[in-house]
Amino acid sequence: MKIEKTRRFLLKHQAVFTSILAVILAFAMVGILLLSTGRNPAEAFGYFIRGAFGDMFNFANTISRVVPLLIAAIAFIVGAKGSVFNVGIEGQLLLGALASAVVGWGIKLPKVIHLPLTLLAGTLAGGLYALIPAWLKVYRKVNEILSTIMLNYPAFFFNHYIVLNVTPLEGVIPATPFIQETAKFAKLVPGTRLHAGVIVTALVVVFAYFLLKKTALGYEMRAVGLNQEAARFHGIPVEKRMMLSFFISGCLAGLAGAVEMAGVHYRYLDQFSPGYGYDSITVAMVGLLSPVGAIFSATLFGALKTGILDMAVYTEIPRQLVTLINGIVVLFISAKSIIQERFKRFVKGKDPASLAEENK
Amino acid sequence: MATIIEMRGINKRFGDVQANRDAAITVEAGTVHSIVGENGAGKTTLMNILYGLYQADSGEIFVNGKKVDIDDPSAAIANGIGMIHQHFKLIPAMTVAENVMLGNEPRKAGLFLDLAELNGLTKELSDQYGLAVDPEALVEDISVGIRQRVEILKALYRKVNILILDEPTALLTPQETEDLFRIINKLREDGKTILFISHKLKEIMKISDRVTVMRDGHVVDTVEKKDTSEVDLARMMVGRDVFLRNAPPTKKIGDVILKVENISAVSTVHKRPVLRNVSFDIRAGEILGIAGIDGNGQTELVRALIGLQKLTEGKIILHDEDITHLSVRDMRDAGIGVIPEDRLKEGLVIDFDVQENLCLGLQRNDEFAKNGLFDWKSVTSNAEKLVEKFDIRTPSIKLLARLLSGGNQQKVIVAREIFHAPDMIIAAQPTRGLDIAATDFVHEELIKQRDLGKAVLLLSLSLEEVMLLSTRIAVIYKGEIVAIVDKDKATAEDLGLLMLGGSYEHIQV
């Protein structure tokens, strides 16, 4: 009976196990790759883990990488739950970072007001920018995957223009001037990138969970995400809810940019984002579009970014490997249904007929 | 007549469910043999075993008196057995002929597709059985009824002489069903054997030579059509007497609840009128049935009554209050409950769990939300109450609605709408696709609501259902109510004529 119980448990949480399995498979694949090029994967992964979690310093740096990824992933999740596939997080995040940098630099205020105002500016910039594809989708039936992807470019070049031509340049790096002390997050661990923005991140996760699970509004957004026709039939204003999902998604994306700006760079640095907006989609997917799941997957991807540094320093493996790992994880997550099918078959004891019945 | 198929002692188990137990069936060549039973009775499993999709745990299959092993569908086809599933397996982007020949295409010089031959062969086969299919049409452009014929052609092209049809009429309109029966008769004349899976008794009585009834995985009996009746078959299927023929008469009729005055509407798609001057009223304690052929304005009428269809003129009055221009939410709050015609698309969010579905549309009511905060405790207690009261069979209220059987999905909708609707219930096709026991449940509930003094508007494509339940019957034709008659004064023939556009005066003569 104990086996039966375990089996039930595994089947019930098959989505979670599939996600974990996909990540493990990706790492195994990288291991094989390292082995085949004459390197020692055990050694490499050892350095990797040490680099990501080995001491306070590394751990703090890892968490600081988690911050923008996690906020942006939550942005994607809130959109996806409300039937919006927001691939424009990168652009919204960049605009959010710029808007907050301008407010953080141009105004003098006491800290209790200045920092929140800085973050608010970023949040609104992202949200407002998202209203363009939102309107196009809801009222003009333009597919948001295309519109949001394309809108990432104007955002980037607009910022580029502002930094080079409008705000004063200090030095040779294209960037806005540094923000006021009153607009900065405090460092939590001196000498690392970890800053008090972690608290904002935690609040964002709680907010998303609360919104989606504990409010009538969240219920309606999820209903729209799963079945628009039924939602309409039951009196839910579908168009309004879709606009709102898109807006909140954009707001959180903008906030991710603002937090990164006010906690790490203290100015808008052209090309400061290594593609947080795009990575956030993978993070959200691996996290099964759940705010709680995203905490784990964001930690994994944050660790990838810091762990790989130690690995590159102590072994001869180039740090571009991180791109490869990322790519392979995405590949396996995309092939999730195959993995899930195999997983189910394995757990159930390989009866294809009963599987067919199950799938009906 | 010779026995063409015999299955003996078939057992099949899926996990905890014994889908077939000692099932046995004998089929004569050149007959239409129906296999009937409730959903889950094991009829499709038995046929899937014959077609090689499943392997029986034990049991034997004989084709033309010879014992055969059918390991997969290709073995079945080699034995002359073909099967057409409820959900077609066609490639939408290819033409009819390409689909028919798929995998066995005629070739030129062994390499190139012989298009002329391809289309010619398909045309020939189509004409032979009066299927009237255009070989060059793309499958994505043709109707469900025609797609089904393409499936039949596929089987015929593979020289099948035993054809299994799994609930072939489930997705068809009445007219398409007629056409299908014509084709089946033609196939029978040609010496083919048809195995017809269904739970629609009327159709079975119409098309079969013999009927095998299944229940709980075993075969209850096999009878000659001429020796049985719908009522007998229903009793064998369900294992007890059913409502089917006699609903208790209307008791006490009260005040007018809903009054519809001269409403008209045009379609948003092709701007044609879909409702023309529709007027009627419904009183407390009565069921007004709307009879009509599909596509005569029933869908639009329901949408109008819940605020989804814009009206060009007219008024809707509920309890002396004009609700014509209210939003969907406000209309439902005003006291209208609706069982929509499309259970999966409109009635449920199938990826919500049972408890979330049981408060769909009510999420803003005080019971479930306080200051915008969702009250999961009430959601759960509401679900527990309704599951118990309406006997919804689910292992947990946290199961996704997708995983419920069709009958139980409908119970979720009926429970929610009836329990929370104050006085007016609209039931659109409330029993479409349900088996007998579930249909019986819905009918009983509607009658119960009527006797509680609620007003019920019933729209159904089944004239039989309308006549069974209604106090009065309105006939809708091309968006117009052409007659409203008392149930006692209506005959099926008169109503049928009206539904087809005949005039009432003409009938009176």
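Just so you know, all these numbers are worked out from the coordinates, no wet-lab data involved. Bear in mind the structure is a predicted one, so any value in this text is a computation, not a measurement. When we count neighbours, we look across all protein chains shown, and the Cβ atoms used for this are built from the backbone with ideal geometry, even at glycine.
Tell me, what does the Kirkwood hydrodynamic radius of chain A come to in angstroms if you use every pair of distinct C-alpha atoms?
After inverting the mean inverse Cα-Cα distance, the result is 21.7 Å.
Along the charge dipole of the stretch B:3-245, pointing to its positive end and built from +1/-1 on Cβ of Lys, Arg, Asp and Glu, which listed residue (B:Gly239, B:Leu125, B:His87) has its Cα farthest out?
B:Gly239
How do B:Ser58, B:Ser405 line up, fewest other C-beta atoms within 10 Å first?
So the residues, fewest neighbours to most, are B:Ser58, B:Ser405.
Sort B:Glu151, B:Glu464, B:Glu189 by Cβ crowding within 10 Å, fewest neighbours at the top.
Least to most surrounded, the residues fall as B:Glu189, B:Glu464, B:Glu151.
When Cβ neighbours within 10 Å are restricted to other protein chains, what is their mean count per residue of peptide B:343-355?
The shielding value for this peptide is 4.
In the stretch A:210-300, if every C-alpha pair distance is counted and binned at 5 Å from zero, what percent goes to each bin?
3, 12, 16, 20, 18, 14, 9, 6, 2, 1
When the Debye formula is applied to the Cα atoms of the protein assembly as shown, each taken as the same point scatterer, what base-10 log of I(q)/I(0) results at q = 0.07, 0.08, 0.10 Å⁻¹?
-0.73, -0.92, -1.24
Cut-off is 10 Å between beta-carbons; in what order do B:Asp440, A:Asp279 appear when sorted fewest neighbours first?
By the 10 Å Cβ count, ascending: B:Asp440, A:Asp279.
Students often get this wrong, so check it: of A:Lys12/B:Lys200; B:Lys259/B:Lys487; B:Lys271/B:Lys478; B:Lys12/B:Lys67, which have C-alpha atoms separated by over 24 Å?
A:Lys12/B:Lys200
Past the 44 angstrom mark, what percentage of all C-alpha to C-alpha distances in chain B do you count?
Within chain B, distances greater than 44 Å cover 23 percent of Cα pairs.
Principal axis extents for the stretch B:440-509, Cα atoms only, whole Å, descending order, please.
38, 22, 19
For the stretch A:1-142, count all C-alpha to C-alpha pairs, find those more than 27 Å apart, and express that count as a whole percent of the total.
Of all Cα-Cα pairs in the stretch A:1-142, 54 percent lie more than 27 Å apart.
What 222 nm value per residue comes from the helices of chain A, counting each DSSP H run with n ≥ 4 as -39,500 (n - 2.57) and dividing by all residues, nearest 500 deg cm²/dmol?
-25000 deg cm²/dmol
For the stretch B:3-245, what number results from the quotient of the Cα radius of gyration and 2.2 N^0.38 Å?
Against the compact-globule rule of thumb, the ratio is 1.04.
Please report the spacing between the Cα centers of the stretch B:274-303 and the stretch A:1-27 in Å, no decimals.
Taking the Cα centre of each part, the stretch B:274-303 and the stretch A:1-27 sit 51 Å apart.
Take every DSSP beta bridge whose two residues both sit in the protein assembly as shown, then give the antiparallel share in percent to the nearest 5.
For the protein assembly as shown, the DSSP antiparallel bridge percentage is about 60.
Let me have the relative contact order for chain B, percent, based on Cα pairs under 8 Å that are six or more residues apart.
Computed value for chain B: 14 percent relative contact order.
I want to verify the translational diffusion coefficient of the stretch B:9-73 in µm²/s; compute it with Stokes-Einstein, Rh as the Kirkwood radius over Cα pairs, at 4 °C and 1.567 mPa s.
Result for D is 104 µm²/s.
Let's test this: bin the Cα-Cα distances of the stretch B:256-508 at 10 Å from zero up to the farthest pair and state each bin's percent.
Each 10 Å bin holds this share of Cα pairs: 7, 30, 36, 20, 5, 1, 0.
Using DSSP to define loop residues, name the trypsin sites (Lys or Arg not before Pro) in the stretch A:9-94 whose beta-carbon has at most 16 other beta-carbon atoms within 10 Å.
Hits after loop and neighbour filter: A:Arg39.
Give the peptides B:316-328, A:86-98 in descending order of average Cβ contacts within 10 Å, highest first.
A:86-98, B:316-328
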